[in-house]
Structures are given as structure tokens and as C-alpha cells.
Amino acid sequence: MAEQAKKPVKITETILRDAHQSLIATRMTTEQMLPIIDKMDKVGYHSVECWGGATFDASLRFLKEDPWERLRKLRAGFKNTKLQMLFRGQNILGYRHYADDVVAYFVQKSFANGIDIIRIFDALNDLRNLECAVNAANKEKGHAQIAISYTLGDAYTLDYYVGMAKRIESMGASSICIKDMAGLLVPYKATELITALKKAVKIPIDLHTHYTSGVAGMTYLKAVEAGCDIIDTAVSPFAMGTSQPATEVMVETFKGTPFDTGFDQKLLAEIADYFRPMRDEALDSGRLNPKVMGVNIKTLLYQVPGGMLSNLLSQLKEQKAEDRYYDVLEEIPRVRKDFGEPPLVTPSSQIVGTQAVLNVLSGERYKMVTKESKAMLSGQYGQTAKPFNPEVVKKAIGDAKPITCRPADLIKPELKKIEAEITDWKEQDEDVLTYALFPQVALDFFKYRQAQKTKVDVAAADTQNQAYPV
Ligand code: CO
């Protein structure tokens, strides 16, 4: 038998972003990250995902840290490794659609502060919501990776994914990611999917999944055998459960095969040793719930992401309607169908979930319709894989005509206006973007930042006074 040509699988390490977002509510601080990055830089990772997603909001809101400052510090420490971020298309990292000028400026500043690879996705897989960010990344000569939100349903055939991949390649993306946020991709389906994608496009394919349903390690194995170029993993203390498969385990799996990463397990063990006390502390404080570490088989049964299930349960608890849990679980796929069968990921997961709760609790489907449901059924989030149910559209928005254009085409440039609102607080250009994304949280942070400075100034003046008594 001829020896297979060597093709080491590339690894994206997620411990500084997705892993702690998935397990400990994104609470890892910059100070906790910095002491280990020298070692992480020596591993040989394809990239380290360390920014974007929920890290931006959580830094400002809970950790009182400037996310841009974190990025610059990581950039200074990672001398050989590419830094990667997650970016929600026209939403950037926020919760509404932004004008193109804000999106382009955010992309430009992300690269300027140290990002190398930007992973861009849209909840509905409407590629028009990604155009602006991809073009901006290409203008900066950065790596634009477009992610397809992976889901199951009538619309999501192999042809659908192959068609998407071809369009993504022709849009000018540098690579494609299959983003399986719920852990729905099972091993043999991964073989089919990756084989088909590798035939259809030339750019590299990255697979991103979560361990939620317990199959992720096997899925990676089959995907890599089928030609998948990059997989996303997390160092073991923050792996598995709702996070990614463990880096060390995947490295060992491919040892001695054509996919051998060549990584040093001793070095990975030292990195794991560094993070383990953080995990123990999170378990002790209750921040890390052992429940999320197990296999959540309901995810496969109901095809609903783990996070959405727990949100649902707490929503029903608040309404003292926990006994309707299974009714709501059955209503979710029906609402999803009415809404054009979108993938369930932020924000579509919340929109569909909340509407399903209302449909069940109010006793009549669509008797009450949320503002977000109306926006979605008006086309304001973009186009879905299947058409909306016309009867439901009529109930929700009456005779108003849904829009069919790219939603951001209707948003006027807004950067100048936003900039004018914070001239008093601006200390760096990036503050404008921070404020654009999270206005109230940003203002609170800017006030905190100034107060800290005043404190330092007063302390310095005191020392001076002591040294030079007048
Ligand atoms: Co993820």
C-alpha cells in the first residue's frame, strides 16, 4: 500500500474565546491569560481564537476591561501565532444591524489592533449580511473566513451546503468554516459533508463544533479523514461539555498518522496545568456548572442548542409554567418552519424560542407576536432558506410588505453621528466602536475608566507631595 501523503491537521485553539464563553460565561480576564501566552505561542497552532463573540461585551460589562487593550496585549505576546476573532456579520458583536460604515470601520480597527483571521457568520446564512465585512477584511489584506451556520431541516441538504460553499468562495473568502454551534453534526454525516465540500471548493475548510451532544471528537476524526483542513479544540481543563473537544486528545488521536500535528504533548500538558486551577475555582464558585459538562442528548432529539434549552427552562420557571416545557419543545420546530426554517443561533434562537413560549402559554398560536418576530417576518434580519408561512406573516405584520433587499441597504451611514455623541469621553478612535456596539455599557465603562485615572493621579500627586514637601 502506498504511503499516504502527509497532511497535518491544523488546530485553532479556543480556550481564550469560545471555551470560556461556553463554560464560564466569558469571565476569563486578560490578567489570567497573559502569563501563559508565551507557552501557547510555541505550540504551533494554526490560530488562537481570542476575541469577538461575547468577549467584547463581557470585558466591558463584567470585567471592566477595555477589549481593545486586551487585544493589543495578546498581540504583543503572541509573536508567532495568528489571532482569530468571531464576528456576527452585519450585527458585528452587538444585537442589531449596523450601517456599512460602522461594520467596515470595526473590521479595519480589528486588524489594526492585531487580528489576523476574522470568522464572519450570519444567523440566517444570508450571505448578503456578510458582504460588507468580507470586503472590508480583504481591503485590509486580512484573512476573511466565512462560517456557515450548520443546522438540520428540510432545506439543509448537501446541495444547500455545497451551493453556499461555492458562493462563499466566489465572494472572496479565504476559508470556509462549518459552524456547528449545537453539536448536531454526527460523524458519518461529517464524512459526507466534508467530502462534498472538498470537491466543490479549493479554499480550506474548518470545522467548528461543540461537545454538547457527545459526538464531537468522533465527528472531527471523520471530518479530518475526509479532508477537513482545520479543527477547533480547547485545552482539556476547558474542553468538552458545551465547549470543544480537548486539544491534547485530538493531537494524540492523529499521532503517527498522515494528519499528525507534531505538537509537543509535554508543552500542552504545561498549558493545561496552568488552566486547571481556574477550572477548579470555577467549579467551587458555581460559575462552572457540572451539568454542562455531561452529554445533553436532548440537543440531538430536539435539534435545539443546549443554551437555548436552558434559557427556555428559566423563561418557563419565571412564568411558573415548567409543566409546559415539552409542549414548548414541540412548538419550536413548528415556529421555526413558519419562520423559514432558520438555523437556531443568536439571535434567531431567542426569537423562535420566545415566540414558541408565547404560542403555548397564550393558548392561541400568534395571538401575541414579539417585536423581534415581526422584524424577522418583515425580512429585516435577511432572507431564510425557506419562505415564511404567509398566514403567519399576515397575522404578525398584517398587510405590510416584507422587505427583500439586503437589510443594511436601508440603514444610512451612522458613524459620524455616533462619534459626535461621545466626543467628551473619547480617548482612542476605538472608543467610538465600543460605544456604537454597547452604548450604555460603554458609557459606564468610560466613566469607570476616568474615575480610575483620577484615582491614580491623586495617588501620584500624594506621593509627590510626600517626596517634595512644600
Ligand atoms: Co462555538
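The values are calculated or read from the model by the stated rules, or taken from the named source; none is laboratory data. These numbers come from a predicted model, not from an experiment. Because the Cβ atoms are built from the backbone with ideal geometry, glycine has one as well, and the counts that use them run over all protein chains shown. To get the accessible areas, we keep the full protein, side chains included, count just its heavy atoms, and leave off ligands, DNA and RNA. Shrake-Rupley method; radii C 1.70, N 1.55, O 1.52, S 1.80 Å.
For this structure, a couple of remarks:
- Of residues in the stretch 79-111 being open to solvent by 10 Å² or more (accessible area, probe 1.4 Å) and within 16 Å of the ligand (Cβ to nearest atom), the one farthest from residue 175 (Cα to Cα): 91
- Among (1) surrounded by 17 or more Cβ atoms within 10 Å (Cβ to Cβ); (2) touching a residue at least 40 places away in the same chain (Cβ under 8 Å), the one test that residue 154 misses: (1)
- Just one of the listed residues (173, 196, 155) is out of contact with any Gly (no Cβ under 6 Å at 6 or more places or on another chain) and under 24 Å from residue 141 (Cβ atoms), namely 173.
- Enumeration of residues in the stretch 315-329 that are open to solvent by less than 60 Å² (accessible area, probe 1.4 Å) and either in contact with a strand residue (DSSP E or B) (Cβ under 8 Å, 6 or more places away or on another chain) or farther than 15 Å from residue 298 by Cβ (or both): 315, 321
Residue-wise test of (1) in a strand (DSSP E or B); (2) crowded, with 23+ Cβ neighbours inside 10 Å; (3) within 16 Å of the ligand (Cβ to nearest atom); (4) touching a residue at least 24 places away in the same chain (Cβ under 8 Å).
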site: 144; (1), (2), (3), (4): yes, yes, no, yes
site: 147; (1), (2), (3), (4): yes, yes, yes, yes
site: 162; (1), (2), (3), (4): no, no, no, yes
site: 169; (1), (2), (3), (4): no, no, no, yes
site: 177; (1), (2), (3), (4): yes, yes, yes, yes
site: 182; (1), (2), (3), (4): no, yes, yes, yes
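- Any chance residue 66 is among the charged types (D, E, K, R), open to solvent by 10 Å² or more (accessible area, probe 1.4 Å), in contact (Cβ under 8 Å) with a residue 60 or more places away in the chain and over 22 Å from residue 130 (Cβ atoms): yes
- Of the residues contained in the stretch 45-62, one or more are found to be more than 16 Å from the ligand (Cβ to nearest atom), open to solvent by 60 Å² or more (accessible area, probe 1.4 Å) and not aromatic (Phe, Trp, Tyr).
- Inspection of the stretch 335-352 finds a residue satisfying the criterion of being open to solvent by 20 Å² or more (accessible area, probe 1.4 Å) and not in a helix (DSSP H, G or I).
- Residues of the stretch 1-40 satisfying the condition of being in contact with a Lys or Arg (Cβ under 6 Å, 6 or more places away or on another chain) and farther than 24 Å from residue 108 by Cα: 24
- Within the stretch 196-240, the set of residues being under 22 Å from residue 121 (Cα atoms), away from the ligand (no atom under 13 Å from the Cβ), open to solvent by 20 Å² or more (accessible area, probe 1.4 Å) and assigned to a helix (DSSP H, G or I) comprises 196, 198, 200.
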